[in-house]
């Protein structure tokens, strides 16, 4: 008995049989782990092996979408889907072998001569939906649920929410460099976190850290989009201009630094629907119109996205 994925029912009928003749068949891969080949540049290959029956099922397709990527920074990018229409080149293949089969069989551009395929079904039609899910992070050291439980706060109005903004106040000094101190539970230590000018606004949320009337991002004498490496006070060489109220030199900075954020703990879930199969002789048709989970892949833990916010 072959069970298709986690399903038990699929309807098959030989081309020569009457409409009333029904053969119940299925492919059993519910307990098997979904694996992926990484050796192909443009083609994506996912597969499952059932060692108990010397059988496998493999999905191969191409797409212009980066299903393993971090997306475009929009809120929906952390949970998105890609649609694939199966065809001659994009298909699902079930195979049963005369002996045990290994991962190398699928991840080799030229499959090995052994084991020998003794039964095969190839999809001729079907719909595939690939779901990409993950958790956004900016690696600024502040847990997202502490930084903003709503996920909507955008202190500097650069269209990047604080939870994925590595420079929350838009002063071109990364949040991770602005003296944030956390308690053991991940909350912000309001006593130790830096507030240079004592105005009640922590530096990482303050666009004028020293309250000298010059925005921090404009205290960038060498204009390299990094105020933290500018010092114009020979009497205080250890204090950067943006933290020194005695220095009010100003340049006109109208550009944010390049931002990088991450999509962590990526989960790829593949669903199938409206599948049609034929055997190696093109005689038998197996149809399954239900939506079925092909598998879940967790082998890509993180992806990065880089952008420069519009000033």
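Would you call residue 145 more than 20 Å from residue 303 (Cβ to Cβ) and at pLDDT 95 or above? First the steps, then the outcome.
Working: more than 20 Å from residue 303 (Cβ to Cβ): yes; at pLDDT 95 or above: no.
Spelling it out, it is not the case that residue 145 is more than 20 Å from residue 303 (Cβ to Cβ) and at pLDDT 95 or above.
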statement: Within segment 178-192, residues outside any strand (DSSP E or B) and either surrounded by 16 or more Cβ atoms within 10 Å (Cβ to Cβ) or not assigned by TED's automatic domain parsing to the domain that holds residue 225 (or both) come out as 178, 179, 180
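Can you report the number of residues in segment 149-170 which are part of a loop (DSSP other than H, G, I, E, B) and buried (at least 24 other Cβ atoms within 10 Å of the Cβ)? Walk me through how you get there before you give the answer.
Taking segment 149-170 as the starting set, the residues that turn out to be part of a loop (DSSP other than H, G, I, E, B) are 149-161, 165-170.
Those still in the list that are buried (at least 24 other Cβ atoms within 10 Å of the Cβ) too: 165, 167-169.
Total satisfying the criteria: 4.
May I ask you to verify whether residue 114 is farther than 25 Å from residue 292 by Cα, free of Cβ contacts under 8 Å to residues at least 60 places away in the same chain and surrounded by fewer than 18 Cβ atoms within 10 Å (Cβ to Cβ)? Break it down stepwise before answering.
Numbers: farther than 25 Å from residue 292 by Cα: yes; free of Cβ contacts under 8 Å to residues at least 60 places away in the same chain: yes; surrounded by fewer than 18 Cβ atoms within 10 Å (Cβ to Cβ): yes.
Answer is yes for this residue.
Filter the strands (runs of 3 or more DSSP E) completely within segment 217-311 down to those with at least 3 residues that are in the same structural domain as residue 47 (by TED's automatic domain parsing), within 28 Å of residue 74 (Cα to Cα) and out of contact with any strand residue (DSSP E or B) (no Cβ under 8 Å at 6 or more places or on another chain).
Numbers: elements: 259-279, 284-288, 292-297, 302-307.
Where strands (runs of 3 or more DSSP E) fall fully within segment 217-311, none carries at least 3 residues being in the same structural domain as residue 47 (by TED's automatic domain parsing), within 28 Å of residue 74 (Cα to Cα) and out of contact with any strand residue (DSSP E or B) (no Cβ under 8 Å at 6 or more places or on another chain).
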message: If I go through segment 210-221 residue by residue, how many of them are in contact with a helix residue (DSSP H, G or I) (Cβ under 7 Å, 6 or more places away or on another chain) and over 19 Å from residue 311 (Cβ atoms)?
response: 2
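The values are calculated or read from the model by the stated rules, or taken from the named source; none is laboratory data. Quantities reported herein were computed from a predicted structural model and do not represent experimental measurements. Backbone-built Cβ (ideal geometry, glycine too); neighbour counts: all protein chains shown.
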